[in-house]
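The values are calculated or read from the model by the stated rules, or taken from the named source; none is laboratory data. Since we're looking at a predicted model, the values are computed, not measured. Virtual Cβ from ideal backbone geometry, glycine too; neighbours counted across all protein chains shown.
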Amino acid sequence: MKRCGTEVFDIAGRQGVGGTAQLGKIEAYLGYVRAWVQEGSNGQRRLFFKKGADGKWLQAEPKEAELGGEKKITVDDIQIDYWGVDQDVIDALGKAAQSAKTVTLRNLLSETRREPLAVRFYPTRSVSGITGCTTAGFHLPNTPNDPYIRMLRYWFSPNGAAASLTVEILTHEWLHWAQDQFSQGITARLPWWLVEGWPDYAAGITRGLPCAATWPTLKQLEDGTAADPNTPPEVSVQYYAYANTMIEFLYASYGGKDAYARLLLGFKENANPKVTMPKVLGVTPEAFYEAWTAAARKKYC
């Protein structure tokens, strides 16, 4: 938790401080206070605070033993794991999962799926383990005995329903699951923009394209920001916007979802974009990049 707080402070130092977070409901929880905190347009997150020795309130997390134990339910054949601390919102999370399921199944790349849809909601960082501070959810690729996606952060509307961002992230991560259902482990063979851009675009996520004078190079979009550990977290988020519109361009110019499925089959045979993209789409990666750049700048900038 301290590590992520430091990261937020560092980002603010580079980008400036945003608006002050607004408090919604405040509830007592054991020896803590649970506050519904509005995080910009994302929605309200439930954060915990505890009074320190000096009498000041500090953000803190309940210990695992204070989270009410692990629980399971099934909603519309979706397996949902959660902790008892989220019992009061599990109905809202179940409805969010149902909405995400509808979009996911509509975008399946084939009718075959080996595993059920399953999700685990982690209420605190202490039970989610060491993960990226900006990571809201993730799917473990090429792990047949683990069908779950993990939700590390989730937001609510003021009326208690799951916020649209929660549904979008659920859908994005289940579409990673769909990639693996279509061709197990295929994401290890794809350029980064094909791995992350498709779930983003198919989930209907609108990020807003950063119209900077200098865009990421083709190699940067093929490798992703993980290739450079010094990349600031906020830049990693921007890359998703570029990848999203690359898939938008792929759909518009080369045949929609079928073109994406054909690319996955092509990369299964040969992981080299310089070989596979001309073979499948009839265009080199460089020509695709240039055409996408021109189209995206015209549309968004």
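List of remarks:
- The set of residues in segment 133-181 that are aliphatic (A, V, I, L, M) and over 23 Å from THR231 (Cα atoms) comprises ILE149, MET151, ALA161, ALA162, ALA163, LEU165, VAL167, LEU170, LEU175, ALA178.
- Residue in segment 94-117 that is crowded, with 23+ Cβ neighbours inside 10 Å, within 13 Å of the chain's Cα centre (by Cα) and aliphatic (A, V, I, L, M) present: yes
- Restricted to segment 42-59, and to residues there that are in contact (Cβ under 8 Å) with a residue 24 or more places away in the chain and outside any strand (DSSP E or B), the residue that is farthest from THR206 (Cα to Cα) is GLY43.
- Cβ pairs under 9 Å, 6+ apart, first in segment 132-148 and under 22 Å from ASP77 (Cβ atoms), second acidic (Asp, Glu) and assigned to a strand (DSSP E or B): TYR148/ASP81
- In segment 128-145, the residue that is surrounded by the most Cβ atoms within 10 Å (Cβ to Cβ) out of those that are in contact with a strand residue (DSSP E or B) (Cβ under 9 Å, 6 or more places away or on another chain) and within 14 Å of LEU117 (Cα to Cα) is HIS139.
- Count - residues of segment 161-199 that are assigned to a loop (DSSP other than H, G, I, E, B), modelled with pLDDT of 95 or more and either in the same structural domain as GLY137 (by TED's automatic domain parsing) or farther than 23 Å from MET246 by Cβ (or both): 2
- Residue check for ARG120: outside any loop (DSSP other than H, G, I, E, B) and either under 27 Å from LEU105 (Cβ atoms) or over 13 Å from the mean Cα position of the chain (by Cα) (or both): yes
- Condition check for ALA65: buried (at least 18 other Cβ atoms within 10 Å of the Cβ) and either among the charged types (D, E, K, R) or not in a loop (DSSP other than H, G, I, E, B) (or both): no
- Taking the criterion of being touching a residue at least 60 places away in the same chain (Cβ under 8 Å), hydrophobic (A, V, I, L, M, F, W, C) and more than 21 Å from PRO285 (Cβ to Cβ), the residues of segment 203-244 that qualify are ALA203, CYS211, VAL237.
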